[in-house]
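Asks: The structure's right below; bear with me while I get my questions together.
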Amino acid sequence: MINVFIALQAILPQHLLSRMIGWLAELERPVWLKNLLITLFMQAYGISLDEAEHPNAEQYRNFNHFFTRALEDGARPLANTRYVSPADGILSQRGDVDEGQLVQAKGRWYDTRGLLAGSEEEAASFDNGSFATVYLSPKDYHRVHMPISGTLRMTRYVPGDLFAVNNSTTAGVDQLFARNERLVCFFDTADGQLAVVLVGAIIVAGIETVWGGVESPNPGTIREHKFSPEEAPTLEAGAELGRFFLGSTVVLLTEKNGLEWRAGQDDKVLVRAALAD
């Protein structure tokens, strides 16, 4: 059954379907349709707005505004730890990078070179570091925050597939995170280099950053932006980095090794909560 699910995704027009969903999610009129979409989605996934800045579903101007909703002040206090969780979700994997190899799922690995889509030298910087993978389900808060303070050095948009990112595909699709469309953000931190990788998925209608706005999809070309010291933003631990328009996964990759993990594999984690020391 899993193989059928994966095979179906492989033949679907993934990008076209995702852009169509994105168009629908931006609709503000008719208001009744916008409200209906939000209400049905909340019912389907058991979503509560108790912690949201706007607790009334009708206050959101469109579905994307609802899906990327802000939290009320104080909802996610910053933990006193070296690394905090970058998102609400499930910590599906975490540990040491083993000579450039990261665990995708039981029995499946992928490499830093494929994930980052850069040079061998660049990837080698992380070959003995640490990594963490956080899966955001449809009901989760969908803004991504800094796990540690850092200064942005470069971003790299990498075109690719848009397979769903869930237990079935992580177990069944080889090199999933290195195949899907993604935005790689490189930061300089007190622990050396940090890569925050925002991985797209089917019906993920876009990725937005606080410094550059919506990242425009480009099916055929890797796109890089290097920041000069004068323009490079510095983001404190826990500060918002970006957001997903519909859900996906965040992969953290750091040069720092031997981290003492404060959250266990498959644990539910909350943004700004303790992740590792």
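Asks: Enumerate the helices (runs of 4 or more DSSP H) found wholly within region 45-141, keeping only those where 1 or more residues are open to solvent by 80 Å² or more (accessible area, probe 1.4 Å).
Replies: On the way: elements: 63-67, 112-116, 120-124.
In region 45-141, the matching helices (runs of 4 or more DSSP H) lie at 112-116, 120-124.
Asks: Ok, one more. Pro217: at pLDDT below 70 and open to solvent by 20 Å² or more (accessible area, probe 1.4 Å), yes or no? Quick ask: steps written out before the conclusion?
Replies: Values: at pLDDT below 70: yes; open to solvent by 20 Å² or more (accessible area, probe 1.4 Å): yes.
So Pro217 fits the description; yes.
Asks: Check region 12-27 and report whether any residue there is at pLDDT below 60 and of a type in the set (Lys, Arg).
Replies: The answer is yes, given that some residue of region 12-27 is at pLDDT below 60 and of a type in the set (Lys, Arg).
Asks: Here's something else I'd like to know. If a residue must be open to solvent by 10 Å² or more (accessible area, probe 1.4 Å) and at pLDDT 95 or above, how many such residues does region 193-208 contain?
Replies: Counting residues in region 193-208 that are open to solvent by 10 Å² or more (accessible area, probe 1.4 Å) and at pLDDT 95 or above gives 1.
Asks: Out of the residues in region 229-254 that are open to solvent by 40 Å² or more (accessible area, probe 1.4 Å) and at pLDDT below 95, state the one that is nearest to Val271 (Cα to Cα).
Replies: Arg243
Asks: Out of all the residues in region 107-143, which are among the basic types (Lys, Arg) and touching a Lys or Arg at 6+ places or on another chain (Cβ under 8 Å)?
Replies: Arg143
Asks: With Gln101, Gln59, Gln43, Gln93 as the choices, which residue is touching a Ser or Thr at 6+ places or on another chain (Cβ under 6 Å) and at pLDDT 90 or above?
Replies: On the way: Gln101 fails: touching a Ser or Thr at 6+ places or on another chain (Cβ under 6 Å); Gln59 fails: touching a Ser or Thr at 6+ places or on another chain (Cβ under 6 Å); Gln43 fails: touching a Ser or Thr at 6+ places or on another chain (Cβ under 6 Å).
Exactly one of Gln101, Gln59, Gln43, Gln93 is touching a Ser or Thr at 6+ places or on another chain (Cβ under 6 Å) and at pLDDT 90 or above, namely Gln93.
Asks: Please list, ordered by first then second residue, the pairs with beta carbon atoms under 9 Å, 6 or more apart or interchain, first in region 92-113 and more than 17 Å from Val250 (Cα to Cα), second open to solvent by 70 Å² or more (accessible area, probe 1.4 Å) and part of a loop (DSSP other than H, G, I, E, B).
Replies: Asp98/Asn128; Glu99/Asn128; Gly100/Asn128; Arg108/Asp174
Asks: Criterion first (closer than 22 Å to Leu235 by Cα, among the basic types (Lys, Arg), open to solvent by less than 30 Å² (accessible area, probe 1.4 Å) and modelled with pLDDT of 85 or more) does Arg156 satisfy it? Steps first, answer last, please.
Replies: Working: closer than 22 Å to Leu235 by Cα: yes; among the basic types (Lys, Arg): yes; open to solvent by less than 30 Å² (accessible area, probe 1.4 Å): yes; modelled with pLDDT of 85 or more: yes.
For Arg156, the condition - closer than 22 Å to Leu235 by Cα, among the basic types (Lys, Arg), open to solvent by less than 30 Å² (accessible area, probe 1.4 Å) and modelled with pLDDT of 85 or more - is met.
The values are calculated or read from the model by the stated rules, or taken from the named source; none is laboratory data. Quick caveat: nothing in here was measured; it's all calculated off a predicted structure. A quick note on method: Cβ atoms are made from the backbone with ideal geometry, for glycine too, and the neighbour counts reach across all protein chains shown. To get the accessible areas, we keep the full protein, side chains included, count just its heavy atoms, and leave off ligands, DNA and RNA. Shrake-Rupley method; radii C 1.70, N 1.55, O 1.52, S 1.80 Å.
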